Every structure is written in C-alpha cells, then in structure tokens.
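For reference, the structure is listed below as structure tokens.
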Amino acid sequence: MSVVYTVTLNPALDYEVLVDGFRAGGLNRTSREHMHFGGKGVNVSTVLHSLGVDTTALGFVAGFTGRALEDGLKAGGIPTDFVRLEEGLTRVNVKIRSGGGGETEINSQGPAIPPAALKALLQKLDCLGEGDVLVLAGSLPAGLPGNAYQTILNRVEGQGVLTVVDAAQELLKGVLPCHPFLIKPNSAELGELFGKGPLTEEREILSCARSLQAQGARNILVSLAGEGSLLLDVTGGVRRLGVPRGTVRHTVGAGDSMVAGFLAGWLETQDYAAAHLMGAAAGSATAFSDGLAGGEEIRSLLTAF
C-alpha cells in the first residue's frame, strides 16, 4: 500500500487568537484561542489522514516545542519520523484575528539546520519504495543550501516514488529538472516565476503552466483563490473547476488541503479528473472551516461543483 511521506523542513506550532477590537501597543485580551500543528507538509499529512490515506510526517523538530508538535500529531493518529535537532526550538507562529475580520501574523524563524541533520533526513528517505509519494512543501530554514529540495529529490530517484513540490520562486524553479509528479503554485506564485503579477486570464495561466511542464513538471495544479483551480496534466489535458457555494472563514491551509485532496483522489482512482475534483473539494472545505477540513466535510463537497 502506498504511503505519502511529507517533509516540512520548518514546522511550527500555530497559536491563533481572536481579539475583539485589537489595539497595537495596548493591552488586548483574547475571546478565543487555539493551538494547532502547522507547516505546509504537516497540513498535508493532517488532511490526508482525515481522508484515510496512510501518511508519515518528516522534517526537523527541536526543543520542547518540537516535542509538543510530535506528541500532538501522534495523538491525532499521524505517524511521524522527524529528525530531532540538538539546539534551538521549533517555531511558534502567532496569528491574531480581530473581530472586524483583520488578521496579523507573526512568524518565527525556527532553528538552523546543520549539515548532519540534513544527512539524517536523507537516510530516512531510503525506505521509500515503488508507489510511495514524497511531498516537499514550504520554504527552506536557515542553514540549508538553496538546492536542498533538489538534493532530496535526487535521493529518491530510481525508487519509483511520486514526488510533489509546493514551493515558490527559485525553490520551485530549481526542482523542475527533477520531473516532479505534481507542482501546485497559486496564481501569484505562477506570475512571479515569469516576472509578472498575479495571473487572472486563463490563457495566460495556461501558457505559463505549459512552460513549466516543458521545463520538467509533469502535472501543474494552479490554485486561483476565489476563482477555483486549473489543472494541466501530463497528457496535455486541461481541467478548470470553480468553487462551490459557501462562506470563506479561514484560508490558511487551503492550498495544502488541495494538495492532500488531489493525492487522495489520485491514489484512489488513478484518474486526473477525480484527483482534481477531490483537491478542489478539500481546498474549499478548509476555506469554509475554522481550521483544516475533515474527511467528511471534504467528501460532502464532491457533488457541489
């Protein structure tokens, strides 16, 4: 049975608070607060688990915050195999929501990653085999070289592993020669790759996606926020989905949920249309929720497109 391994090089504890009438520089009291386990790859594993897909979360953790993240994921039924760092702390990100709908984010840097830790992570990847999936998501923490993603993908080359990359700018461009199975830029990230602003016209989106495919990516899934998503698959097929009716409550993690849904749909059906539909449903379900959507919420939206 296939296992989806996610790599989050700089995971976090995300501390979200609701503060009515937030005032910078003054005393504020929360009316609601929630701590969840974050980082793009961690989000992917969380949603995959809710959809019944076997997954293991990999990456780096440090200090008591790292132990809290590991323990929390395991308590939720998500297997982990993190490399534990000797120094530093897994970061804590603070997200302050005000009653008026605004949001302020304070993201920590996280620990530096020594070369020995990267070597230990690469060794863990040697157990991946035919039909497994490896997801690389997010930015690089301090201490890692700019080609770290290429190094990771080269490690599993020839093992029959499907690789997925959700990253931006040069980090994404650098992995294209490794022929990832799937990349998932959003419209702004896609535009940045070609020196443009966020793309809005389907013709331009498709042109840029085809350019990335020519450079090595096999399937390109572009998330378009309120306009839905577009999939250019390895056969040249183009699929466009809008968004179902619903109230957007929380967009953090929607893109990660889309990646998880796409993989769940693909592993279940080996069909690009079904994978795209499950990805779109997962992204929308999270956007309509206060946190990452569960499997039941996601599947309930499959008929809403």
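The values are calculated or read from the model by the stated rules, or taken from the named source; none is laboratory data. Model, not experiment: these values are computed from the prediction. A quick note on method: Cβ atoms are made from the backbone with ideal geometry, for glycine too, and the neighbour counts reach across all protein chains shown. Note: accessible area is taken over every heavy atom of the protein model, side chains too, but ligands, DNA and RNA are not part of it. Shrake-Rupley method; radii C 1.70, N 1.55, O 1.52, S 1.80 Å.
Let me check I've understood the local charge: for M35, count other residues with C-beta under 11 angstrom from its C-beta, Lys and Arg +1, Asp and Glu -1. What total comes out? Kindly include the intermediate steps, with their values, before the conclusion.
Details: positive: K95; negative: D14, E16, E33.
Value of the local net charge: -2.
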**Report entry** Where the chain is the region considered: accessible area per residue in Å², 1.4 Å probe
**Finding:** 44
Report summary line: Going through K74/K124; K40/K124; K173/K196; K40/K184; K95/K196 one by one, the pairs whose alpha carbons sit over 24 Å apart turn out to be K95/K196
Report task. Calculate the length of the line joining the C-alpha centroid of the stretch 274-305 to that of the stretch 103-130, in whole Å. Result -> 28
Report summary line: Within the set Q123, Q159, Q215, GNM on the chain using Cα springs under 10 Å gives the largest fluctuation to Q123
Query raised in the report: Which net charge results when you count Lys and Arg as +1 and Asp and Glu as -1 among the other residues whose beta-carbon is under 10 Å from that of T80?
Result: -2
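Roughly to the nearest percent, how much of the accessible area of the stretch 163-229 is carbon and sulfur, given a 1.4 Å probe?
Using a 1.4 Å probe with all protein chains present, the stretch 163-229 comes out at 47 percent carbon and sulfur.
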Report task. Using θ = phi - 60° and the Karplus relation 6.51 cos²θ - 1.76 cosθ + 1.60, list the HN-Hα couplings for the stretch 215-226 in order, rounded to whole Hz, with x at every Gly or Pro. Result -> 7, x, 5, 8, 10, 10, 10, 9, 8, 10, 6, x
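If the viscosity is 0.692 mPa s and the temperature 37 °C, what Stokes-Einstein diffusion coefficient in µm²/s follows for the chain when Rh is the Kirkwood radius over Cα pairs?
Details: Rh = 19.6 Å.
Approximately 167 µm²/s, per Stokes-Einstein.
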Query - Gaussian network model of the chain, springs between alpha carbon atoms under 10 Å - residue of G77, G261, G59 with greatest fluctuation - result: G77
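In debye to the nearest 20, how big a dipole does the stretch 46-109 give about its Cα centre with +1 on each Lys and Arg Cβ and -1 on each Asp and Glu Cβ?
Details: 6 positive and 8 negative charges, 38 e Å.
Here the stretch 46-109 has a charge dipole of around 180 debye.
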